[in-house]
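Just so it is clear, none of the values below were taken in a lab; they were calculated from the coordinates. What you are looking at is a predicted structure, and each value in this text was computed from that prediction instead of being measured.
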Amino acid sequence: MRAKTVSTTYRRIYRTVRRIPHGRVATYGQIARLAGFPNHARLVGYALHALRGADDLTVPWHRVINARGEISLNEFSGADLQRKLLRAEGIAFDRRHRINLNRFLWDK
DNA sequence: CAAGTGACTAGTG
DNA sequence: CCACTAGCCACTT
């Protein structure tokens, strides 16, 4: 079992992730920046990782992807689930399982 | 307490 | 576009 050490830092990240609108995605770096931790993309990944298995979707973790427009989870840890959730929101994937950030990035 | 790890990224070539 | 790298940092061993 993972100890749920929810620091204020994590809460700040979760709060930011909750702001991502339905049908849009954001990158780890983007969330980090908006949460007030520029250049700490990795921290966001770590925070979301600590969320796996938790009360699903109180935080829309599936809307967070990497800067290349890909899902960072590997096929063994739920990438298909994330794809399914995103598709259900109308987000399209290309042949290589990538998302067109020009179209779906939670922008501006 | 040092070293390893990871849902990252921007820069180079 | 791909491969490799240095920089970042909380958490685990």
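Classify the range A:12-56 from the C-alpha gyration tensor, please: rounded if a/c falls under 1.5, else prolate or oblate depending on whether a/b exceeds b/c.
Details: a/c = 1.87, a/b = 1.15, b/c = 1.62.
Oblate, since a/c reaches 1.5 and b/c is not below a/b.
I'd like the orientation of helix A:79-88 relative to chain A: the angle between its Cα long axis and the longest Cα principal axis, in ° from 0 to 90, rounded to 10.
It is inclined by approximately 70 degrees.
Once amide H atoms are built 1.01 Å from N in the peptide plane, which residues 5 or more positions from A:Val64, or in another chain, come under 5 Å H to H?
Placed amide hydrogens put A:Ala26 under 5 Å from A:Val64.
Rounded to two decimals, what ratio of Rg to Rh does chain A give with C-alpha atoms and a Kirkwood Rh? Provide the component values of the computation, followed by the final result.
Numbers: Rg = 13.1 Å, Rh = 14.0 Å.
Using only Cα positions, Rg/Rh for chain A is 0.94.
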